[in-house]
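**Student:** Can you read through this structure? Questions will come right after.
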There are 2 protein chains.
Amino acid sequence: MRLTTKGRYAVTAMLDLAINHNKDSVTLRNIAENQKISLSYLEQLFAKLRKQDLVKGMRGPGGGYRLARSADEISIAQIIRAVDEPMEFTDCHGLENCKGGERCLSHHLWVQLTDQLDDFLSNIYLGALMRESEQALEQRRTEPRQTGDRQKVTVPMH
Amino acid sequence: MRLTTKGRYAVTAMLDLAINHNKDSVTLRNIAENQKISLSYLEQLFAKLRKQDLVKGMRGPGGGYRLARSADEISIAQIIRAVDEPMEFTDCHGLENCKGGERCLSHHLWVQLTDQLDDFLSNIYLGALMRESEQALEQRRTEPRQTGDRQKVTVPMH
DNA sequence: TATAATACCTAGTATTTTAGTAGGTTATAA
DNA sequence: TTATAACCTACTAAAATACTAGGTATTATA
Ligand code: FES
Ligand code: FES
């Protein structure tokens with residue numbers, strides 16, 4: 001019941017990319033520095049994101065990455081799945097055989113839980129998170145030195 | 001984004017215990033055999049469940065384990081937490097510092113996700129799962145040889 | 001009172017996964 | 001031609017997980 005840095009890095013990096021959509025492209029070196037993520041590790045994650053057509057890379061000087069689609073068409077679920085995080089709570093992966101060939105007592109519970117999570121992450125889009133982040137940043141700019149103002153944002157519940 | 005066998009074993013074993021509540025107690029050896037779980041590993045899990053007052057152990061011949069409380073007062077969240085599965089999706093564990101001291105871009109998302117999961121698992125009780133299992137078993141007894149009748153059960157959504 | 005069954009405890013280890021490093025090659029703008 | 005960036009592959013360190021081994025303590029019962 002963990003989410004690893006792989007998924008977190010991927011979402012964070014994609015968010016960085018979405019926020020900088022006004023620029024032509026963003027280099028991984030930039031993202032690595034901004035978000036404090038190992039460059040080489042990022043490259044590996046982006047290889048997977050590219051294979052799933054979530055980002056587009058451009059080589060050479062001035063090159064970098066950009067979203068392959070609108071931020072409003074990329075869900076968090078897609079990102080996490082792209083970098084190989086299973087998003088699956090059953091042990092049997094649907095085969096109903098984790099109890100030495102048989103279905104275990106709690107199988108159904110994990111299926112329900114998986115559905116719940118999937119539903120949640122499939123309905124949150126990068127675009128929404130991006131706008132929230134920008135709003136938070138804007139607010140911090142206009143109301144400086146106001147600490148403790150934990151940003152209250154709405155994430156759509158299914 | 002996985003749930004490990006630790007949590008799955010714990011819930012499955014607790015469910016086994018709940019289903020056999022009519023018996024005075026159930027030995028771990030029984031559970032291990034029924035559910036195909038390593039006995040020694042189960043013992044370690046039950047040490048944790050006991051510390052959280054979820055089960056009560058009785059030594060000696062005829063001894064074993066029983067639920068420390070009614071199955072309707074034990075939530076799945078309690079079980080999973082008891083065996084040390086974090087149930088937490090942030091990397092910072094609330095400290096907002098996973099980006100080298102600063103809060104990362106996606107922090108809020110993981111908080112929301114954690115809340116979602118917690119809410120779900122906190123509202124499912126062992127008692128409900130137990131009754132579902134019994135019902136499924138009963139149905140299989142009265143309608144034998146009827147394959148493909150995937151049991152449709154209701155798990156409360158929050 | 002001896003025995004066996006059970007919980008209870010601790011340390012170690014094998015395996016797997018994760019996270020990261022190293023060291024390249026290719027493409028391309030300037 | 002050069003520098004910059006993507007792109008690629010293999011290796012490695014660290015951590016977590018799953019499991020094993022080998023005990024001790026308690027207690028019903030023969
Ligand atoms: S999780 Fe599917 S059979 Fe156990
Ligand atoms: S998850 Fe909390 S700061 Fe990154």
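**Student:** Picking from B:Gln35, B:Gln44, which residue would you name as being modelled with pLDDT of 95 or more, surrounded by fewer than 22 Cβ atoms within 10 Å (Cβ to Cβ) and within 9 Å of chain A (Cβ to nearest Cβ)?
**Tutor:** Every option except B:Gln35 fails the conditions.
**Student:** Still on this structure, I have one more. Would you mind telling me which numbered condition in (1) in a helix (DSSP H, G or I); (2) more than 21 Å from B:Asn20 (Cα to Cα) B:Asp84 fails?
**Tutor:** Condition (1) is where B:Asp84 drops out.
**Student:** Look at the stretch B:75-102 and say how many of its residues are on the phi > 0 side of the Ramachandran plot and either more than 10 Å from chain A (Cβ to nearest Cβ) or in contact (Cβ under 8 Å) with a residue 40 or more places away in the chain (or both).
**Tutor:** Summing the residues that are on the phi > 0 side of the Ramachandran plot and either more than 10 Å from chain A (Cβ to nearest Cβ) or in contact (Cβ under 8 Å) with a residue 40 or more places away in the chain (or both) in the stretch B:75-102 gives 3.
**Student:** Do you know which of the residues in the stretch A:1-19 that are in a helix (DSSP H, G or I) and facing chain B (nearest Cβ under 7 Å) is nearest to A:Leu129 (Cα to Cα)?
**Tutor:** Looking at the filtered set, the residue picked out is A:Leu15.
**Student:** Go through the stretch A:34-51 and give me each residue that's in a helix (DSSP H, G or I) and either within 13 Å of DNA strand C (Cβ to nearest atom) or of a type in the set (Gly, Ala, Ser) (or both).
**Tutor:** A:Gln35, A:Leu39, A:Ser40, A:Tyr41, A:Leu42, A:Glu43, A:Gln44, A:Leu45, A:Phe46, A:Ala47, A:Lys48
**Student:** Considering only the stretch A:58-75, state which residues are more than 10 Å from DNA strand D (Cβ to nearest atom), in contact with a Gly (Cβ under 9 Å, 6 or more places away or on another chain) and of a type in the set (A, V, I, L, M, F, W, C).
**Tutor:** Passing the criteria: A:Ala71, A:Ile74.
**Student:** While we're here: Has the stretch B:124-133 got at least one residue that is crowded, with 16+ Cβ neighbours inside 10 Å, facing chain A (nearest Cβ under 8 Å) and of a type in the set (S, T, N, Q)?
**Tutor:** Scanning the stretch B:124-133, I find at least one residue that is crowded, with 16+ Cβ neighbours inside 10 Å, facing chain A (nearest Cβ under 8 Å) and of a type in the set (S, T, N, Q), so the answer is yes.
**Student:** Sticking with this one: Can you name the residue in the stretch A:1-27 that is basic (Lys, Arg) and modelled with pLDDT of 90 or more and, of all such residues, is farthest from DNA strand C (Cβ to nearest atom)?
**Tutor:** It comes out as A:Arg8.
**Student:** For A:Leu49, only one of the following conditions fails: (1) touching a residue at least 24 places away in the same chain (Cβ under 8 Å); (2) facing chain B (nearest Cβ under 10 Å); (3) surrounded by 21 or more Cβ atoms within 10 Å (Cβ to Cβ). What is its number?
**Tutor:** Result: A:Leu49 fails condition (2) only.
**Student:** Which condition from (1) within 11 Å of the chain's Cα centre (by Cα); (2) closer than 30 Å to B:Ile79 by Cα; (3) not acidic (Asp, Glu) is the one that A:Arg2 breaks?
**Tutor:** (1)
**Student:** Taking the stretch A:103-120 as the region of interest, how many residues are more than 7 Å from chain B (Cβ to nearest Cβ) and hydroxyl-bearing (Ser, Thr, Tyr)?
**Tutor:** The total comes to 1.
The values are calculated or read from the model by the stated rules, or taken from the named source; none is laboratory data. None of the values given here were measured: they were computed from a predicted structure. All Cβ positions, even for glycine, are placed from backbone atoms using ideal geometry, and neighbour counts span all protein chains on display.
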